[in-house]
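Before any comments, here is the structure.
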């Protein structure tokens, strides 16, 4: 481990002496870089897709909504109102519009179909 006096303020140091490059000071210092070249396999296409892309964002949102209960999904799309009819939470339809909600529902259907194959 690093000696306490040699630490850079704000840096996270985790040292191991077994030579594992994931635990060297160069990976856990200020000024760390990241890559936008990360990919994952799309359930829809079976092909690699950038995890920074809008396609991946939409697919992840569809997966998250499919994981919700029917009641949660209804609230997600339509929002919530109290007993007097006052809006407590706006849903996707109110925030993004009907077309965006329909696009998301269509993507959810495609994802369900892909999972059936």
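Only the coordinates and a few stated rules stand behind these numbers; no lab work does. Model, not experiment: these values are computed from the prediction. Neighbour counts are summed over all protein chains in view; Cβ atoms, including those assigned to glycine, are modelled from backbone coordinates with ideal geometry.
Between residue 56 and residue 95, the simple label model (points 7 Å from Cα in the Cβ direction) yields a spacing of 2.2 nm. One equal scatterer on each Cα of the stretch 39-116, no solvent, Debye formula: the resulting log10 I(q)/I(0) at q = 0.22 Å⁻¹ is -1.02.
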